[in-house]
1. Relative contact order, percent, of the chain when contacts are C-alpha pairs under 8 Å separated by at least 6 residues?
2. Please determine, in degrees from 0 to 90 and to the nearest 10, the orientation of helix 18-29 with respect to the longest principal axis defined by the Cα atoms of the chain, where the helix direction is its Cα long axis.
3. At a 1.4 Å probe radius, carbon and sulfur cover how many percent of the accessible area of the chain?
4. Less than 15 Å Cβ to Cβ from residue 48, Lys/Arg counted +1 and Asp/Glu -1: what total charge do the surrounding residues give?
5. Taking only Cα atoms, what is the 0 to 90° angle, nearest 10, from helix 54-64's long axis to the longest principal axis of the chain?
6. Determine the per residue accessible area of the chain with all protein chains present and a 1.4 angstrom probe, expressed in square angstrom.
7. Rounded to the nearest whole Å³, what is the per residue volume of the convex hull around the Cα atoms of the chain?
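The values are calculated or read from the model by the stated rules, or taken from the named source; none is laboratory data. Owing to the predicted nature of the structure, the values given are computational and were not obtained by experimental measurement. No Cβ is skipped: glycine too gets one built from the backbone with ideal geometry, and neighbour counts run over all protein chains shown. SASA here: full protein model, heavy atoms, side chains in, ligands and nucleic acids out. Shrake-Rupley method; radii C 1.70, N 1.55, O 1.52, S 1.80 Å.
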Amino acid sequence: NVNTGLLGDANGDGTVDLADATLIMQYNGNPDKYTILDKNRANADVDGDGNISNGDAAAIQKFALGITTTL
């Protein structure tokens, strides 16, 4: 996996926001319809466990809402 430098940026738009969390949840719900580009996979795996999960999405949500200050 290639990390483009912004942990949590699953969609590769240069920001970490709720759109990233939404993409991860959509991807997990229907991977045939929604994709996370290879270059963004490491960014989407917030906890670094090798899997892109809804837990990663939850961490991004908390960060985007200001509940946590780091990912």
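1. Working: 122 pairs, mean separation 26.4, N = 71.
Relative contact order, the chain: 37 percent.
2. 40 degrees
3. On the way: 2050 of 4100 Å².
Carbon-and-sulfur percentage of accessible area, whole number: 50.
4. Numbers: positive: 41; negative: 9, 45, 47, 49, 56.
In short, -4.
5. The angle comes out at about 40 degrees.
6. Values: 4100 Å² over 71 residues.
With the other protein chains kept in place, the chain gives 58 Å² per residue.
7. On the way: hull volume 5.3 nm³, N = 71.
Looking at the chain, the number lands at 74 Å³ per residue.
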